[in-house]
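The values are calculated or read from the model by the stated rules, or taken from the named source; none is laboratory data. Keep in mind it's a predicted model, so treat the numbers as computed, not measured. Cβ atoms come from the backbone with ideal geometry, glycine included; neighbour counts cover every protein chain shown. Calculation scope for accessible area: heavy atoms of the full protein, side chains included, ligands and nucleic acids excluded. Shrake-Rupley method; radii C 1.70, N 1.55, O 1.52, S 1.80 Å.
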Amino acid sequence: PKAPATLYAGTNGAGVFGSVNSGTAWTAMNTGLINKDVLDIAINPLTPAILYAGTLGGVFRCVNSGATWTAVNTGLTNQGVNSLVINPKVPATLYVGTGGGVFRSKDSGTTWTAMNTGLTNKAVSSLAINPKSPAILYVGTQDGVFRSKDSGAHWTAVNTGLTNSGVKCLAVDPATSSTLYAGTWGGVFRSKDTSTTWTAMN
């Protein structure tokens, strides 16, 4: 976020690559990354040298811009991490979506706690956080979208108008946080009321 020419890419089987020249050249950055199936990467917005990689073998943390990685999986009972988001206002708090539900860490990934009350489908493929109100979170599953208004403590299904419930990715409009987009097996859907109702945009 502070040096937009610096990019990180997570790959299936080859780990993390970094570029410092807007993608013109890439360098492998895998020291300590025991699992190289990287499904998501998150950058600490206040301290961008701190990175997290969500892999099929759990979460790895880096404090030196990708140079070295350390596993941080205490309490993470399902280590198939599909999605990872950071609270933009309190970056020590982060969430992961796994094949066994949502887990939250309040200590920069050192320990994790399951946060699945009300989540009837725990195969979480995507996570999104409201940048203006980070207590509001969304997850995408094969049973559609679930919303939490209390930092993941409780979840409620929010699928009115979502005619395809296989949700692969979610995005919150950074300028108008009541607007969301869901990428599904049946196309793109948009909500303009904080996920209460959805309309196809295809």
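For the stretch 2-42, the set of residues classified as among the hydrophobic types (A, V, I, L, M, F, W, C) and buried (at least 18 other Cβ atoms within 10 Å of the Cβ) consists of 16, 17, 29, 33, 38, 39, 41, 42, listed by residue number. Restricting the search to strands (runs of 3 or more DSSP E) fully inside the stretch 1-101 and requiring at least 1 residues that are out of contact with any Phe, Trp or Tyr (no Cβ under 9 Å at 6 or more places or on another chain), closer than 20 Å to residue 124 by Cα and modelled with pLDDT under 95 gives an empty result. When the stretch 191-202 is filtered for residues that are open to solvent by 70 Å² or more (accessible area, probe 1.4 Å) and assigned to a strand (DSSP E or B), only 199 remains. Of all residues in the stretch 102-136, those that are outside any strand (DSSP E or B) and among the hydrophobic types (A, V, I, L, M, F, W, C) total 7. Of everything listed in (1) open to solvent by less than 20 Å² (accessible area, probe 1.4 Å); (2) touching a residue at least 40 places away in the same chain (Cβ under 8 Å); (3) of a type outside the set (A, V, I, L, M), the single unmet condition for residue 125 is (1). Going through the stretch 1-33 one residue at a time, which ones are farther than 21 Å from residue 47 by Cα and among the aliphatic types (A, V, I, L, M)? Those that are farther than 21 Å from residue 47 by Cα and among the aliphatic types (A, V, I, L, M): 14, 25, 28. Comparison of 170, 162, 137 shows that the only residue that is of a type in the set (A, V, I, L, M), more than 26 Å from residue 58 (Cα to Cα) and crowded, with 16+ Cβ neighbours inside 10 Å is 162.
What are the residues in the stretch 137-156 that are of a type in the set (Ser, Thr, Tyr) and in a strand (DSSP E or B), if any? Explain how you work it out, then say what you get.
Initial filter on the stretch 137-156 (of a type in the set (Ser, Thr, Tyr)): 138, 141, 148, 151, 156.
Answer for the stretch 137-156, where residues must be of a type in the set (Ser, Thr, Tyr) and in a strand (DSSP E or B): 138, 141, 148, 156.
Condition check: within 13 Å of residue 142 (Cα to Cα) and part of a loop (DSSP other than H, G, I, E, B). Does residue 177 satisfy that? The answer is no for residue 177.
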